[in-house]
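What follows is a single structure, written as C-alpha cells, with notes after it.
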Amino acid sequence: QVQLVESGGGKVQPGGSLRLSCATSRFIFSIYALGWYRQAPGKQREWVATITSDGRTNYEDSVKGRFTISRDNAKNTVNLEMNSLKPEDTAVYYCNAAHFNINYWGQGTQVTVSS
C-alpha cells in the first residue's frame, strides 16, 4: 500500500512562513512526480506545485515567487516552503504522487493564515 505522510501544517499570521513535508517510499520517490494540492472550504481541490523525478518544478501562478517545492533525496521526502503567506492560502494541503494515470494522495494537513 502506497503511503504519503504529510507534516508541518499549522496556523500562521499573514506574511509568515510554513514548511510542509511529505514522506513516501523509495520506489514512489524515485519514479513518480510529486506535488501539492490544496482545498479551501467550499472550493474544489486545486493544484499548487509539482516537482518531477528529475527535479523540474512548476507552480500555480498565485504561489510563484512565494512557494518553493523541493526533494530531499536522503529522506525520500518532498517539501513545500511557503513564504509571504496570505489568508487566501488557507486550505487543507494534500501531497500527491502521480505517474501517467496513477495518483496517490496523502491524508491532508491544515494550513490556516489568520491574524
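Worth a mention:
- Using C-alpha pairs below 8 Å separated by at least 6 residues, the relative contact order for the chain is 36 percent.
- Å² of accessible area per residue within the chain, as computed with a 1.4 Å probe and no ligands counted: 54 Å²
- Counting protein heavy atoms only, the chain has 47 percent of its accessible area on carbon and sulfur, 1.4 angstrom probe.
- Structure-based [θ]222 nm, the chain - -39500 (n - 2.57) summed over DSSP H runs of at least 4, per residue, nearest 500: -1000 deg cm²/dmol
- Packing rank of 67-75, 92-100, where each peptide gets the mean count of other beta carbons within 10 Å, highest leading: 92-100, 67-75
- Its Cα centre serving as origin, the chain has a Cβ charge dipole (Lys and Arg +1, Asp and Glu -1) of approximately 100 debye.
The values are calculated or read from the model by the stated rules, or taken from the named source; none is laboratory data. The structure displayed is predicted, hence computed values, not measured ones. Ideal geometry is used to build each Cβ from the backbone, glycine not excepted, and the neighbour counts take in all protein chains shown. Ligands, DNA and RNA are excluded from the accessible area calculation, which covers all protein heavy atoms including side chains. Shrake-Rupley method; radii C 1.70, N 1.55, O 1.52, S 1.80 Å.
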